[in-house]
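To keep things clear, I will list the structure first and then write my remarks on it.
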Amino acid sequence: MSKVILKTKDEIELIRESALIVSKTLGMLASEIIPGVTTLKLDKLAESFIRDNGAKPGFLGLYDFPNTLCVSPNSQVVHGLPNNTPLKDGDIVSIDCGVLKNGFYGDHAYTFCVGDVEPKIKDLLEVTKNSLYKGITEFKFGNRIGDIGYAIQNYCESKGYGVVRELVGHGLGKTMHESPEVPNYGRRGQGKKLDNGMVLAIEPMINLGTHKINQLKDGWTILTKDNLPSAHFEHNVALIDGKPNLLSTFKFIDSALGVKCDDEFPFTKL
Ligand code: MG
Ligand code: MG
């Protein structure tokens, strides 16, 4: 695997700028995600919003991906393609968005409820989001990559969920996917050492049932093997002065949805 590229504080601020545009894009989408909306409409809204903010969609054209957003409803895990099928009451939908600005990428994701979602599925979303912060907590000087994955896996499996193995988080910078890989499973004390200047996209993909996945013939969409729902939450995080510092935020989503959430607070102070 290629070498980890450590970032300067100035470079981290540029990544923060890109990440913030993604955060605002997801916040804008939050109030559009209602029964009847098509995922292609969400994609077009996101593309306009990103361009209006002086950035480029980061996924569009990357590895020949055809859209601005990866939109993955229900049993789709990640990499779903926007289309003209309306979302329905009770669906969940994972939206992953990337942007490129000043030569640096931002890349994060959130799983939204569409209308009224059954409690069992809401719990999956809650646990997946919590697991993201458990992983971020381990992103500190002296730890290793395996500590992040261990924290996510241990927590999610204790709730009976499946942790996707084939898709992982990654380093983030001038390219969307840099070294190191950041698996959502692992062993304490294993893997690359975490160092100041690392910027990671940490992104648990957690299934209600089996961890096993399939890919559709479209060459993109990943879905659960048992067709049960899957959730995906992603943040961009820098290691600064030994501690994890969030570059992305869900606060725009929270304010659009009218919820109050303090999860990010420990990771926001420099
Ligand atoms: Mg992503
Ligand atoms: Mg990512």
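Taking Rh as the Kirkwood radius, which is the inverse of the mean 1/r over Cα pairs, what is the Rg/Rh value for region 9-267?
Working: Rg = 16.8 Å, Rh = 17.9 Å.
With Rh from the inverse mean 1/r over Cα pairs, Rg/Rh is 0.93.
Please calculate how many Å² of accessible area the chain carries per residue, with a 1.4 Å probe and no DNA, RNA or ligand atoms counted.
On a per-residue basis, the chain sits at 43 Å².
Along region 85-102, what does the Karplus equation 6.51 cos²θ - 1.76 cosθ + 1.60 (θ = phi - 60°) give for ³J(HN,Hα), rounded to whole Hz, x for Gly and Pro?
Karplus values, whole Hz, x for Gly and Pro: 7, x, 6, 10, 4, x, 6, 10, 9, 8, 10, 10, 9, x, 9, 10, 8, 6.
So which of 140/174; 56/251; 192/251; 56/159 end up more than 27 Å apart by C-alpha?
Checking Cα-Cα distances, 192/251; 56/159 exceed 27 Å.
By accessible area of protein heavy atoms, probe 1.4 Å, what ranking do 97, 261 get, highest first?
261, 97
When we measure straight from the Cα of residue 122, which aspartates and glutamates land under 14 angstrom away, once same-chain ones fewer than 8 places off are left out?
Candidates past the 8-residue exclusion: 89, 91.
With the full set of protein chains in place, find how many percent of the accessible area of the chain is carbon and sulfur; take the probe as 1.4 Å.
Looking at the chain in its full context, I get 52 percent from C and S.
Counting only GluC sites (Glu not before Pro) that sit in a DSSP loop (anything but H, G, I, E, B) with at most 16 other Cβ atoms within 10 Å, what is the longest stretch of the chain containing none of them?
Between exposed loop sites, the widest span is 33-165.
At most 15 other Cβ atoms within 10 Å and a DSSP loop assignment: could you name the trypsin sites (Lys or Arg not before Pro) in region 1-68 that fit?
3
Could you tell me the relative contact order of the chain? Use alpha-carbon pairs under 8 Å, at least six residues apart, and round to a whole percent.
Reported relative contact order: 23 percent.
How about region 212-265: which trypsin sites (Lys or Arg not before Pro) there lie in a loop by DSSP and see at most 10 other Cβ atoms within 10 Å?
Passing both the DSSP loop test and the Cβ count: 217, 260.
Show 170, 211 ordered by accessible area, largest first, where the area counts protein heavy atoms only and the probe is 1.4 Å. The partial results should precede the final answer.
Details: 170 10, 211 60 Å².
The ranking, largest first, comes out as 211, 170.
I need the calculated FRET efficiency for the pair residue 216 and residue 264, taking r as the beta carbon distance and R₀ as 30 Å, to the nearest 0.05.
Step by step, r from the Cβ atoms, then E = 0.35.
Per 0.36 nm of contour for each residue apart, how much would the distance between residue 13 and residue 140 grow if the chain were fully extended, relative to their Cα-Cα spacing?
43.9 nm
The values are calculated or read from the model by the stated rules, or taken from the named source; none is laboratory data. Model, not experiment: these values are computed from the prediction. Cβ: placed from backbone, ideal geometry, glycine included. Neighbour counts: every protein chain shown. Side chains are part of the model used for accessible areas, which takes the heavy atoms of the whole protein and leaves out ligands, DNA and RNA. Shrake-Rupley method; radii C 1.70, N 1.55, O 1.52, S 1.80 Å.
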